[in-house]
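Accompanying notes for the structure given below.
Throughout, read-outs are computed from the coordinates displayed, never taken from laboratory work. Since the structure is predicted, the reported quantities are computational estimates derived from the model, not experimental observations. Backbone-built Cβ (ideal geometry, glycine too); neighbour counts: all protein chains shown.
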């Protein structure tokens, strides 16, 4: 008689054209979960997932040193993120030095 919510959500998301938005959010959340383990324990103080679109994850970083850390671990990040996510396939990770990183992270 009742339909499980887990069956309704994917259909509703697809019907309303939200698949891309939901996938992007999932990628960003997974980055936040694995960054401290893969990059550095304090990675979330200096980096955050900004945008996922078209197979590219853009990560905001506080300075070029953090951009280098991300670059050095990007292959591992891509592999782990793709294993954790059913839908999105990350092909590339780019970084952007963000002057107001902490302010941007709060928004």
Give the peptides 93-99, 26-32 in descending order of average Cβ contacts within 10 Å, highest first.
26-32, 93-99
In nm, spacing of pseudo-spin labels at residue 76 and residue 96 (7 Å Cα→C-beta vector)
2.6
